[in-house]
Amino acid sequence: QKEVEQDPGPLSVPEGAIVSLNCTYSNSAFQYFMWYRQYSRKGPELLMYTYSSGNKEDGRFTAQVDKSSKYISLFIRDSQPSDSATYLCAMSVRRQGAQKLVFGQGTRLTINP
Amino acid sequence: KAGVTQTPRYLIKTRGQQVTLSCSPISGHRSVSWYQQTPGQGLQFLFEYFSETQRNKGNFPGRFSGRQFSNSRSEMNVSTLELGDSALYLCASSLEGPGSSGSYFGPGTRLTVL
């Protein structure tokens, strides 16, 4: 079983829809939670970063963490065609005395005009 | 502030050769991590360097190695290349470590092994 599970999709929604992307994890030692957006043939771009349970909002993006259920989500409101990309969740854990990031498989999202 | 830069952007090598990839972190960032990204395995952690010391290592064979210089720039070396090493190699920099302050990725080096 992978430490971080993410539905790879693909997910296709119409422009303007609310998008919900989710990851579950099994290791309660994960401390920090991130969402990255990756366009084709580019490096991942940090979208959201949080370390506590609850919601964090940044423009059209909301990151939600539920540590009791080991579940994180990213919501995109008023989705745009430019949001079409692969979204990766990432979590950090301390191993061998230092923090290490563990990534989900990524969800490929397409926003249709 | 300039972002993370990686050179070269594309490489084509043959089996058995070796390759060196370079990463320049964001100014002021002391931690550099390297990742391998493939369609089948996703993003996998290779190693992390902080202040010229390898602080963490993933589950890759010894053919994969790296180093960090005093200016925080980092290099990654892969010796005796295999077909399965074809991948996008990404480096990410952060202030103090991958988790505590968020990691910022470069555009990657796409390595093709023939």
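The values are calculated or read from the model by the stated rules, or taken from the named source; none is laboratory data. Source: prediction; values computed, not measured. Here Cβ is always computed from backbone atoms with ideal geometry, including for glycine, and neighbour counts include all displayed protein chains. These area figures cover heavy atoms from the full protein model, side chains too; ligands, DNA and RNA do not enter into them. Shrake-Rupley method; radii C 1.70, N 1.55, O 1.52, S 1.80 Å.
Which count do you get for residues in segment A:25-50 that are in a strand (DSSP E or B) and open to solvent by less than 60 Å² (accessible area, probe 1.4 Å)? If you could, list the steps in order and put the result at the bottom.
The initial filter retains those residues of segment A:25-50 that are in a strand (DSSP E or B), namely A:25, A:32-38, A:45-50.
Filter again for open to solvent by less than 60 Å² (accessible area, probe 1.4 Å), leaving A:25, A:32-38, A:46-50.
Going through segment A:25-50 one residue at a time, the tally reaches 13.
All told, residue A:57 falls short of being under 14 Å from the mean Cα position of the chain (by Cα), open to solvent by 30 Å² or more (accessible area, probe 1.4 Å), of a type in the set (D, E, K, R) and within 14 Å of another protein chain (Cβ to nearest Cβ). On the given criteria, is residue A:22 open to solvent by less than 60 Å² (accessible area, probe 1.4 Å), in a strand (DSSP E or B) and closer than 27 Å to residue B:39 by Cβ? Yes: the conditions hold for residue A:22. Report whether or not residue A:8 is in contact with a strand residue (DSSP E or B) (Cβ under 9 Å, 6 or more places away or on another chain) and without any contact (Cβ under 8 Å) to a residue 60 or more places away in the chain. Criteria not met by residue A:8. If you go through segment A:13-47 and keep only what is farther than 26 Å from residue B:109 by Cβ and aliphatic (A, V, I, L, M), you end up with A:13, A:17, A:18, A:19, A:21, A:29.
Among the residues making up segment B:55-114, those that are more than 22 Å from residue B:2 (Cα to Cα) and within 14 Å of chain A (Cβ to nearest Cβ) are B:55, B:56, B:57, B:58, B:59, B:60, B:87, B:111, B:112. Pairs meeting the criteria (first residue in segment A:51-62 and farther than 15 Å from residue A:80 by Cβ, second residue part of a loop (DSSP other than H, G, I, E, B), beta carbons under 7 Å, at least 6 apart or on different chains) are A:51/A:31; A:53/A:67.
Number of residues in segment A:83-113 that are in a loop (DSSP other than H, G, I, E, B) and within 11 Å of chain B (Cβ to nearest Cβ) equals 5.
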